[in-house]
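To keep things clear, I will list the structure first and then write my remarks on it.
Where a number appears in this text, it was derived from the coordinates with a stated rule and is not lab data. The shown structure was predicted, so the numbers you read here are calculated from the model rather than taken from an experiment. Cβ atoms come from the backbone with ideal geometry, glycine included; neighbour counts cover every protein chain shown.
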Amino acid sequence: MTKEKIESILAGYATNKKEGLLPILQDIQAQNGYLTEEILAEVGKYLNLPANKIYGVATFYDQFRFSPCGQFHIRICRGTSCHLFGSSTYLERLETGLKVKAGHVSRDKKVSIEITSCMGACESAPVIRVNDEYHTHVTEEGLKALIQSIKEKTK
């Protein structure tokens, strides 16, 4: 992400207003896909905050990433409800079926898997999100179909 793009995002927020930190990071990540040290430093300068404080905030929330994700970014919920409905087994099947471990990106950069602590959709457990598409009440058959669909799209 260029410095100009970062500055154009920052221009939409008041300087020295710490309450703008999360929305700024969200906007930058939406544009760039992930946050870098350089981005955190620029945000720190703009908000007059040390970069390590910004890094501390960003690492607290599991919504922020610090490396690129795959073309198909899969998030699997591991909250209590999803766990009770078998998300740990589903995670293993995703990793095996797509040949990528959680927290990593496939060698061809097409698939990444991320574990999230909660997606806030407990009544729809188990929940798997692929890019911006939510898959709710996922069943064994639904998971197999999802894995197959992703495999076909990444050929």
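Quick one: Karplus J couplings for the range 111-123, per residue in order, coefficients 6.51, -1.76, 1.60, θ = phi - 60°, nearest Hz, x for Gly and Pro?
Once rounded to whole Hz, the list reads 9, 9, 10, 10, 9, 10, 6, 6, 9, x, 10, 4, 6.
Once amide H atoms are built 1.01 Å from N in the peptide plane, which residues 5 or more positions from VAL111, or in another chain, come under 5 Å H to H?
Sorted by chain and number, the residues that satisfy this are GLN71, PHE72, SER106.
Using a 7 Å offset from the Cα along the Cα-to-Cβ direction at both ALA145 and SER8, what is the distance between the two label points in nm, to one decimal?
Placing both labels 7 Å beyond Cα along the Cβ direction yields 4.0 nm.
For LYS110, which aspartates and glutamates qualify as cross-link partners when the Cα separation must be under 14 Å and same-chain residues fewer than eight apart are set aside?
Those aspartates and glutamates meeting the cut-off are GLU95, GLU152.
If packing is taken as the average number of other Cβ atoms within 10 Å across a peptide's residues, how do 41-47, 100-106, 2-8 rank, most packed first?
Answer by packing, highest mean first, reads 41-47, 100-106, 2-8.
Where the only charges are on Cβ atoms (+1 Lys, Arg; -1 Asp, Glu), what is the dipole of the range 3-60 about its Cα centre, to the nearest 20 debye?
So the magnitude is around 160 debye.
Just want the answer: with Cβ charges of +1 for Lys and Arg and -1 for Asp and Glu, which residue in HIS73, ILE128, GLY97 is farthest toward the dipole's positive end in the chain?
GLY97
Looking at the chain, which Cys residues are left with no other cysteine's beta carbon under 4.7 Å from theirs?
Flagged as lacking a Cys partner: CYS69, CYS118, CYS122.
Can you give the alpha-carbon Rg of the range 50-155 over 2.2 N^0.38 Å, where N counts its residues?
Compared with the compact-globule rule of thumb, the range 50-155 sits at 1.09.
Once the dipole of the chain is set up with Lys and Arg at +1 and Asp and Glu at -1 on Cβ about the Cα centre, which of THR2, GLY33, VAL111 lies farthest towards its positive end?
VAL111
From the helices alone, meaning DSSP H stretches of at least four residues, give me the mean residue ellipticity at 222 nm for the chain, per-run term -39500 (n - 2.57), in deg cm²/dmol to the nearest 500.
Calculated mean residue ellipticity at 222 nm is -14000 deg cm²/dmol.
Just rank ARG75, ARG93, fewest to most, by other beta-carbon atoms within 10 angstrom.
So the ranking, lowest neighbour count to highest, is ARG93, ARG75.
What list of ³J(HN,Hα) couplings, whole Hz, do you get for the range 48-53 from phi and the Karplus terms 6.51, -1.76, 1.60, once you set θ to phi - 60° and write x for glycine and proline?
Result, ordered by residue: 6, 10, x, 4, 5, 5 Hz.
Taking R0 as 25 Å, what FRET efficiency do you get between THR80 and LYS45 from their Cβ-Cβ distance, rounded to the nearest 0.05?
For R0 = 25 Å, the calculated efficiency reads 0.05.
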